[in-house]
Amino acid sequence: MLAPLGRILILASLFAAAAGAFIGFYAGRTRSAEGLKWARRFAYGYAAAIVAATLVMVYALLVHDFSVSYVAHVGSTQVPTWVTVVSLWSSLEGSILFWGLVLGAYITIATFFTRGKYEEYQPDAIGVWLACAAFFSFLIAGPANPFHTVLSPPLDGPGPNPLLQNHVLMAIHPPFLYLGYVGMTIPFGFACAALIKGRLGHNVLKPIRESLMLPWIFQSVAIMLGGWWAYEVLGWGGYWAWDPVENASLLPWLTATAALHSIMVVERRGILKGWTITLIQATFLLVILGTFMTRSGVFNSVHSFTQSAIGPTILGFLAAALLFTIGLLAFRIDKLEVEGRMEGAASREAMFLVNNLIFVLLTFTVLIGTVFPLIVEAVKGKQMSVGRPYFDSMTVPLGALLLFILGVGPALPWGRANAAQIKKALLPPLIGAIVFVAAGYAFGARTPWTLLTLAFGGYAAQVTLGQMFIPMLQRMKNGDSFGTAFVDGQLRRGRRRFGSYIVHASVVIVVIAIAISSSMRQQMELHFAKGQTLQAGGYDLTFVGVEERTEPHRLSTIGIFTIAKNGKQVARLEPRMNQYQMMREPIGSPDVHSTALRDVYISLSNIDAANETASITVFISPFIVWIWLAVIALALGALFALIPPRRPAVILSPSAATSKDPVPNDAAAETA
Amino acid sequence: MTAMTEPTASDAMRKKTRLFMIGAFAVAAIAFGVIAASGINENLVYYWTPSDLAANGEKAYGATIRLGGMVAPGSIRKNGGSNVEFIVHDGNARIPVKTSTVPPQMFRENIGVVVEGTMVRNGGSGVFQSNRLMVSHNNEYKAPDKGHPVDQKQLRKMIESTEGIEGN
């Protein structure tokens with residue numbers, strides 16, 4: 001019964017999205033208020049249908065209704081409940097249904113919050129959103145239908161891919177990725193609407209920026225979670241291998257980051273409008289490209305699902321979206337009004353431009369390296385990949401340059417500056433650079449790129465901290481107490497500024513942590529007899545023994561190791577081999593002891609049949625945890641910057657009412 | 001906007017600057033293209049079966065190769081520590097492999113493996129020197145039964161899908 005019900009709901013969502021898209025574009029053309037009203041209703045209708053369809057699927061999974069084809073494909077009565085819920089997005093059809101769900105949520109939120117505002121742009125934006133929604137509903141209705149009725153349902157299913165059940169991060173990484181990926185549809189809709197109207201007015205920048213920033217935050221966390229998952233599960237001691245799927249998640253993030261910066265230049269200077277729109281559209285296209293790469297099976301890996309009737313359909317959508325945006329850009333980009341112009345090379349807006357160019361270069365670097373093997377395979381039928389050294393040698397210099405700009409840019413003033421001002425702005429942070437290099441050298445960093453990264457990082461850290469607290473220091477100068485100044489300047493009025501510089505500070509930490517962890521990693525292969533103690537990088541590792549544990553869905557062989565430093569035990573690690581019922585070969589699962597300074601990471605290679613000897617690979621990598629922590633700080637900082645600044649007119653607390661100091665620079669500070 | 005009211009350079013001047021900008025942009029783009037292309041060219045990893053490797057002859061020496069095939073029965077020789085030698089075959093060609101990594105738990109005869117490395121000369125004959133050895137995690141890849149030919153298409157899929165190779 002559930003399968004036909006789900007299918008009807010999907011067809012309803014397809015109808016609502018297609019009709020709503022049509023009405024939206026029509027209303028945009030005729031400026032009909034009635035049309036806009038109906039487009040909005042269909043947007044809500046689409047969302048309601050797709051949410052209901054997803055709920056039907058979740059219910060079918062929970063009650064193990066194997067007459068629903070997707071449940072028969074990924075469900076199993078043998079797995080824990082959390083795995084059952086997670087299997088909603090563990091395989092192809094379900095993941096596209098999940099995509100539709102997230103899109104429904106985003107469209108609802110965007111439609112709701114733009115009610116009564118941006119009437120000029122709204123109909124076309126809704127049209128674009130629903131057109132995308134219609135495509136994905138079509139995918140779910142046709143090529144990726146999870147609601148086939150299984151005529152003779154099996155008694156039990158195989159359960160989701162064991163590699164995906166191997167770690168709890170698998171439950172949270174994909175939702176974040178979808179929240180990032182799918183959310184890029186919303187700014188894309190606004191950008192297309194602006195092009196259709198030939199106007200990018202100041203008022204529409206706010207919804208564009210906000211709707212870009214929210215998915216960007218999710219995407220940032222998703223990329224980090226993906227790396228963390230790889231680190232915790234795959235057992236080679238690293239977190240990023242320039243795998244095509246990893247690159248697919250990184251590409252739209254790069255262009256979105258560039259767009260978030262160029263929007264600020266549009267806000268402040270009225271220039272780079274067409275460029276910003278192009279970046280937002282490129283972001284969406286890269287999302288669809290990424291979806292194609294991961295969902296069509298052109299790259300085989302743990303992420304991609306091998307059935308590929310879907311591939312050509314997504315490729316067709318990508319081609320249509322590409323033609324649509326290129327057409328729009330070609331015919332409309334000149335219509336966007338120009339308000340200002342670039343003032344000088346040593347200004348903040350010029351640095352924004354350099355930042356954007358580097359992000360675009362990074363995007364191209366990764367894109368070429370990722371797509372090249374696909375093209376060769378399509379043209380010549382030969383299989384190959386682009387090796388890691390290509391990506392490393394290209395992105396490390398660009399990344400270092402970006403860190404340099406992250407320091408220099410915010411130090412420079414907007415508009416024109418004279419030589420004395422520039423000198424005053426750029427010289428003091430050299431102290432920070434020297435301090436960081438010295439600290440890194442003392443810690444043992446020796447490679448030139450690491451030291452250079454430390455120098456740029458130190459420079460950027462000093463500039464960032466200085467800029468971060470300008471509003472507070474200004475208020476303190478005017479006689480406010482530290483507490484009032486902090487609350488008023490940082491938390492209340494200067495949120496956007498404060499949040500943005502928290503993001504910058506986090507980026508500094510992430511880049512330094514990546515540089516140090518990858519250049520100073522030690523790797524050793526050790527062979528133990530039971531009870532034996534061996535040394536690795538200043539730690540004493542003891543192989544205590546082997547334990548076997550049986551769970552309903554897997555059998556684990558666990559090697560037990562204790563780790564001691566200076567004769568004191570600091571950790572007990574249990575790297576294991578998991579044998580899943582539905583799989584022939586066991587999957588290794590490493591174990592990590594993390595501290596602020598370094599991680600000790602043990603990956604089990606071999607345990608002999610008698611459980612008497614064990615071979616392991618040990619990785620000792622400094623600073624790894626700072627990558628995860630700093631990305632979380634980055635997300636929180638960006639969220640904080642996203643909370644709209646409190647308008648001076650809304651005076652809620654008595655302290656704000658008595659503070660008679662308007663701080664003239666405030667509005668400027670908030671958008672810096 | 002203050003920028004609008006300020007006296008600006010003449011239109012001819014502006015055009016010139018614009019032309020210069022476009023020129024600089026084009027030069028930078030070309031330079032980037034060349035650097036990227038050569039970078040890719042130097043770092044290609046070929047996905048080969050033993051037959052591919054045999055067919056490519058001299059090209060296999062020095063190139064980075066991801067070689068996938070079956071471990072030939074009776075060919076595994078453990079030389080103490082993590083040094084293992086074995087033969088990888090696909091029914092047509094047989095390639096001797098030397099690896100310096102600890103083979104994973106499930107490594108055994110007649111199993112699909114992917115090794116990454118390059119061909120080196122060892123006396124008269126060549127040997128595949130590998131620093132990575134992986135057993136396929138691919139659920140769908142089934143090693144062929146004894147006597148049956150190796151499905152080349154399946155084999156290629158396995159080479160592509162095996163995770164965890166990380167060149168360093």
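The values are calculated or read from the model by the stated rules, or taken from the named source; none is laboratory data. Predicted model only: the values in this text are computed from it and were never measured. Please note: Cβ atoms are built from the backbone with ideal geometry, for glycine as well, and neighbour counts cover all protein chains shown.
Rundown of residues vs (1) over 30 Å from B:Gly39 (Cβ atoms); (2) surrounded by 16 or more Cβ atoms within 10 Å (Cβ to Cβ), yes/no style:
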| residue | (1), (2) |
| --- | --- |
| A:Thr395 | no, yes |
| A:Gln421 | yes, no |
| A:Leu451 | no, yes |
| A:Ala461 | yes, yes |
| A:Arg475 | yes, yes |
| A:Gly483 | yes, no |
| A:Val487 | yes, yes |
| A:Arg497 | yes, yes |
| A:Ala505 | yes, yes |
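Would you confirm, using the coordinates I've provided, whether A:Ala610 is surrounded by fewer than 21 Cβ atoms within 10 Å (Cβ to Cβ), of a type in the set (Gly, Ala, Ser) and modelled with pLDDT under 80? Can you show your working first?
Working: surrounded by fewer than 21 Cβ atoms within 10 Å (Cβ to Cβ): yes; of a type in the set (Gly, Ala, Ser): yes; modelled with pLDDT under 80: no.
Criteria not met by A:Ala610.
If you take the residues of the range A:102-161 that are aromatic (Phe, Trp, Tyr) and under 22 Å from A:Ser69 (Cα atoms), which of them is surrounded by the fewest Cβ atoms within 10 Å (Cβ to Cβ)?
Taking the range A:102-161 first, the residues aromatic (Phe, Trp, Tyr) are A:106, A:112-113, A:118, A:121, A:129, A:135-136, A:138, A:147.
Narrowing further to those that are under 22 Å from A:Ser69 (Cα atoms): A:135-136, A:138, A:147.
On the way: A:Phe135: 23, A:Phe136: 27, A:Phe138: 18, A:Phe147: 26.
Applying the filter and picking the extreme gives A:Phe138.
Condition first: over 22 Å from B:Leu44 (Cβ atoms), more than 14 Å from chain A (Cβ to nearest Cβ) and modelled with pLDDT of 55 or more. Can you find one or more residues in the range B:124-133 that meet it?
The initial filter retains those residues of the range B:124-133 that are over 22 Å from B:Leu44 (Cβ atoms), namely B:124-125.
Remaining after also requiring more than 14 Å from chain A (Cβ to nearest Cβ): B:124-125.
After this cut, where a residue has to be modelled with pLDDT of 55 or more as well, the list is B:124-125.
Checked the range B:124-133: at least one residue is over 22 Å from B:Leu44 (Cβ atoms), more than 14 Å from chain A (Cβ to nearest Cβ) and modelled with pLDDT of 55 or more.
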Item to complete: Among what's in the range A:363-417 and is closer than 27 Å to A:Glu343 by Cβ and not in a helix (DSSP H, G or I), pick the residue that is nearest to the other protein chains (Cβ to nearest Cβ).
Response: A:Gly415
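Would you check if A:Ala105 is farther than 27 Å from A:Pro162 by Cβ and modelled with pLDDT of 95 or more? Explain how you work it out, then say what you get.
Working: farther than 27 Å from A:Pro162 by Cβ: yes; modelled with pLDDT of 95 or more: yes.
Criteria met by A:Ala105.
Starting from residues that are under 30 Å from A:Asp156 (Cα atoms) and basic (Lys, Arg), keep the ones in the range A:531-586 and report whichever is nearest to the other protein chains (Cβ to nearest Cβ). Please lay out each step first, then the result.
Start the filter on the range A:531-586 by keeping residues that are under 30 Å from A:Asp156 (Cα atoms), which leaves A:547-558, A:576-586.
Next, only the ones that are basic (Lys, Arg) stay: A:549, A:554, A:576, A:584.
Working: A:Arg549: 16, A:Arg554: 14, A:Arg576: 11, A:Arg584: 8 Å.
Per the criteria, the residue is A:Arg584.
Name the one entry in A:Tyr239, A:Tyr231 that is modelled with pLDDT of 90 or more, in a helix (DSSP H, G or I) and more than 25 Å from A:Thr108 (Cβ to Cβ). Before the answer, list the steps.
Numbers: A:Tyr239 fails: in a helix (DSSP H, G or I).
Step by step, each of A:Tyr239, A:Tyr231 is checked, and only A:Tyr231 is modelled with pLDDT of 90 or more, in a helix (DSSP H, G or I) and more than 25 Å from A:Thr108 (Cβ to Cβ).
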Worksheet item: Is there a residue being at pLDDT 90 or above and surrounded by fewer than 22 Cβ atoms within 10 Å (Cβ to Cβ) anywhere in the range A:179-192?
Response: yes
Fill in: Subset of the range B:68-85 (residues that are closer than 27 Å to B:Asn43 by Cβ and more than 12 Å from every other protein chain (Cβ to nearest Cβ))
B:Gly69
Fill in: Unique match (being touching a residue at least 40 places away in the same chain (Cβ under 8 Å), within 30 Å of A:Asp599 (Cβ to Cβ) and surrounded by fewer than 15 Cβ atoms within 10 Å (Cβ to Cβ)) among A:Met520, A:Met524
A:Met524
Practice prompt. Please work out which one of (1) touching a helix residue (DSSP H, G or I) at 6+ places or on another chain (Cβ under 7 Å); (2) within 14 Å of chain B (Cβ to nearest Cβ); (3) under 30 Å from A:Ser519 (Cα atoms) is the condition A:Phe218 fails and give its number.
Written response: (2)
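Specify which of the listed residues (B:Ala12, B:Ala29, B:Ala36, B:Ala60) is crowded, with 18+ Cβ neighbours inside 10 Å, farther than 28 Å from B:Met158 by Cα and either more than 13 Å from chain A (Cβ to nearest Cβ) or at pLDDT 85 or above (or both).
Details: B:Ala12 fails: crowded, with 18+ Cβ neighbours inside 10 Å; B:Ala29 fails: crowded, with 18+ Cβ neighbours inside 10 Å; B:Ala60 fails: farther than 28 Å from B:Met158 by Cα.
Answer to the check: B:Ala36.
Could you check the range A:606-636 and list, in sequence order, the residues that are under 32 Å from the mean Cα position of the chain (by Cα) and not hydrophobic (A, V, I, L, M, F, W, C)?
Scanning the range A:606-636 gives A:Thr617, A:Ser621, A:Pro622.
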Item to complete: Being closer than 16 Å to A:Ala131 by Cβ and part of a helix (DSSP H, G or I) narrows it down to one of A:Arg41, A:Arg29, so name that one.
Response: A:Arg29
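Please work out if A:Gly387 is free of Cβ contacts under 8 Å to residues at least 24 places away in the same chain, over 25 Å from A:Met264 (Cβ atoms) and in contact with a Ser or Thr (Cβ under 9 Å, 6 or more places away or on another chain). Walk me through how you get there before you give the answer.
On the way: free of Cβ contacts under 8 Å to residues at least 24 places away in the same chain: yes; over 25 Å from A:Met264 (Cβ atoms): yes; in contact with a Ser or Thr (Cβ under 9 Å, 6 or more places away or on another chain): yes.
So A:Gly387 fits the description; yes.
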Worksheet entry | Qualifying residue in the range A:535-547 (condition: out of contact with any strand residue (DSSP E or B) (no Cβ under 6 Å at 6 or more places or on another chain) and not in a strand (DSSP E or B)) | yes
Worksheet item: Can you tell which of A:Gly409, A:Gly444, A:Gly440, A:Gly415 is farther than 28 Å from A:Leu362 by Cβ, touching a residue at least 24 places away in the same chain (Cβ under 8 Å) and of a type outside the set (Ser, Thr, Tyr)?
Response: A:Gly444
Worksheet item: Does A:Gly24 satisfy the criteria of being under 21 Å from A:Lys197 (Cα atoms), modelled with pLDDT of 95 or more and buried (at least 22 other Cβ atoms within 10 Å of the Cβ)?
Response: yes
Worksheet item: Going through the range A:329-347 one residue at a time, which ones are surrounded by 14 or more Cβ atoms within 10 Å (Cβ to Cβ) and either within 14 Å of chain B (Cβ to nearest Cβ) or outside any loop (DSSP other than H, G, I, E, B) (or both)?
Response: A:Leu329, A:Arg332, A:Ile333, A:Lys335, A:Glu339, A:Gly340, A:Arg341, A:Met342, A:Glu343, A:Ser347
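Can you tell me which residues in the range A:31-63 are of a type in the set (Ser, Thr, Tyr) and modelled with pLDDT under 95?
In the first step, residues of the range A:31-63 are kept if they are of a type in the set (Ser, Thr, Tyr); the result is A:32, A:44, A:46, A:54, A:59.
If the condition is that a residue be of a type in the set (Ser, Thr, Tyr) and modelled with pLDDT under 95, then A:Ser32 is the only one that fits.
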Item to complete: Read through the list (1) within 14 Å of chain B (Cβ to nearest Cβ); (2) more than 20 Å from A:Ile358 (Cα to Cα), then give the number of the only condition that A:Asn247 fails.
Response: (2)
Worksheet entry | Only listed residue being within 14 Å of another protein chain (Cβ to nearest Cβ), out of contact with any Lys or Arg (no Cβ under 6 Å at 6 or more places or on another chain) and not in a strand (DSSP E or B), chosen from A:Asn611, A:Asn606 | A:Asn611
Worksheet item: Can you tell me how many residues in the range A:537-564 are touching a Gly at 6+ places or on another chain (Cβ under 7 Å) and surrounded by fewer than 15 Cβ atoms within 10 Å (Cβ to Cβ)?
Response: 0
Worksheet item: How many residues does the range B:85-105 contain that are of a type in the set (Asp, Glu) and more than 11 Å from B:Ser75 (Cα to Cα)?
Response: 1
Item to complete: Kindly indicate whether any position in the range A:131-143 is within 14 Å of chain B (Cβ to nearest Cβ) and either without any contact (Cβ under 8 Å) to a residue 12 or more places away in the chain or not in a loop (DSSP other than H, G, I, E, B) (or both).
Response: no
Worksheet item: So which residues in the range A:53-71 are assigned to a helix (DSSP H, G or I), crowded, with 19+ Cβ neighbours inside 10 Å and among the hydrophobic types (A, V, I, L, M, F, W, C)?
Response: A:Ala53, A:Val56, A:Met57, A:Ala60, A:Leu61, A:Val71
